[in-house]
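Everything on this sheet refers to the single structure shown next.
The values are calculated or read from the model by the stated rules, or taken from the named source; none is laboratory data. Treat the numbers as computed from the prediction; the structure is a model and nothing was measured. Ideal geometry is used to build each Cβ from the backbone, glycine not excepted, and the neighbour counts take in all protein chains shown. Side chains are part of the model used for accessible areas, which takes the heavy atoms of the whole protein and leaves out ligands, DNA and RNA. Shrake-Rupley method; radii C 1.70, N 1.55, O 1.52, S 1.80 Å.
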Amino acid sequence: MGLLRIMMPPKLQLLAVVAFAVAMLFLENQIQKLEESRSKLERAIARHEVREIEQRHTMDGPRQDATLDEEEDMVIIYNRVPKTASTSFTNIAYDLCAKNKYHVLHINTTKNNPVMSLQDQMRFVKNITSWKEMKPGFYHGHIENVDFTFEILFGVKKKPIYINVIRDPIERLVSYYYFLRFGDDYRPGLRRRKQGDKKTFDECVAEGGSDCAPEKLWLQIPFFCGHSSECWNVGSRWAMDQAKYNLINEYFLVGVTEELEDFIMLLEAALPRFFRGATELYRTGKKSHLRKTTEKKLPTKQTIAKLQQSDIWKMENEFYEFALEQFQFIRAHAVREKDGDLYILAQNFFYEKIYPKSN
């Protein structure tokens, strides 16, 4: 090959290089088109499966066992924040669904837009609350918190159970930055939006780039805040207060990426109908569920210090610390440590003075 390059005239060498580059671009374009076609096919198949279930329900008429018992009439919604180990956790739910007999459904929004239109919110609430064929159900997707007070319109009184996981805001942004450029080990062949950009996160921050700007930290607060326009006003104190309120009042449990195993253990103890066996699966799976961003380089102390000067970071970090404190409070009242291992506390309440006394 080297001899051939020497013998070729310079113009032919240039033409060969150009032809090779064009061929590579064409090949990458074809791969991208195939990936898009595959995604469209997956969505079409999903829609077809949903239509089949709905048609069967219509043909069969109202179910005789329309009233589900308490344990079966359960829905969990995991409105997962990107790059918080959400895929790793969701894979555990997929692994357990057949064994524990529940359904897992991915909420796939157009262009991954986390904000639902008003009419889609209504459709979503109606589906979640009345789709008995999919109960018990575990729904997951990158969507904002949806207000289920709409459900009163459908005569349903039982709200779904919201759960979520959040992450240190800078660590989450760094992971997302490199994910857009190099992808991860979950779908290594997929071309990412910023593929080819070799600039490190440190270089991006030093140059004041848009992909690493403090505004990009504003994500976890909106996901908990809800569908108000104020939720996406970067740096809104009202949005952060609303996110805190929702975390306490609307969520059953919110964990942190850094303590994912403890989050899973608490869910198994409180919701065994869904998560029976989850802790053991996580511990013995040799971390097979963990999805790792490739080519990720940890930022320097100087880069972190620069981001921490931003009021946006201060607010996102305040929300993260608030969630972490709440999670650790719940854990402290649910588990104990012995010989370096955590174990769940047994039932610690009982009933007495029961009147009227039976004969």
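Structural remarks
- Sparse-neighbour loop sites [GluC sites (Glu not before Pro); region 293-355; at most 13 other C-beta within 10 Å; DSSP]: E295, E352
- Rounded to the nearest 20, the Cβ-based charge dipole of region 68-344 about its Cα centre (Lys and Arg +1, Asp and Glu -1) stands at 960 debye.
- Two-site FRET efficiency, Q30 against I304, from Cβ-Cβ distance with R₀ of 35 Å, rounded to 0.05: 0.30
- Extended-chain gain in nm, criterion 0.36 nm per residue less alpha-carbon gap, D339 and M122: 73.1 nm
- Interatomic Cα distance distribution for region 68-344, bins of 5 angstrom, percent: 1, 5, 12, 15, 18, 17, 15, 10, 5, 2, 1, 0
- Placing unit charges on the Cβ atoms of the charged side chains and taking the dipole of region 68-344 about its Cα centre, the candidate lying farthest along the positive direction among T129, F89, T110 is T110.
- What the phi angles of region 243-256 give under the Karplus curve with 6.51, -1.76 and 1.60, with θ = phi - 60°, is a coupling list of 4, 5, 4, 5, 4, 6, 9, 10, 9, 6, 7, 10, x, 10 Hz, glycine and proline written as x.
- Surface analysis of region 68-344 yields an accessible area of 49 Å² per residue, using protein heavy atoms and a 1.4 Å probe.
- Sites F20 and K101, calculated FRET efficiency, Cβ-Cβ separation with R0 56 Å, nearest 0.05: 0.55
- Length released on extending from D211 to E280, taking residue separation times 0.36 nm less the Cα-Cα span: 21.0 nm
- At full extension, Y94 and Q347 could sit 88.2 nm farther apart than now, given 0.36 nm per residue minus the alpha carbon distance.
- Rounded to the nearest 10 Å², the accessible area of I330 at probe 1.4 Å: 50 Å²
- Of all accessible heavy-atom area on region 68-344, the percent that carbon and sulfur account for (1.4 Å): 51 percent
- Test item: Cα-centred dipole of region 205-359, Lys/Arg +1 and Asp/Glu -1 on Cβ, debye: 460 debye
- Cut-off under 5 Å, modelled amide H: who pairs with V75 long-range: G137, I161
- Eligible lysines near K158 by straight Cα distance, threshold 24 Å, same-chain separation 8 or greater: K101, K126, K132, K135, K244
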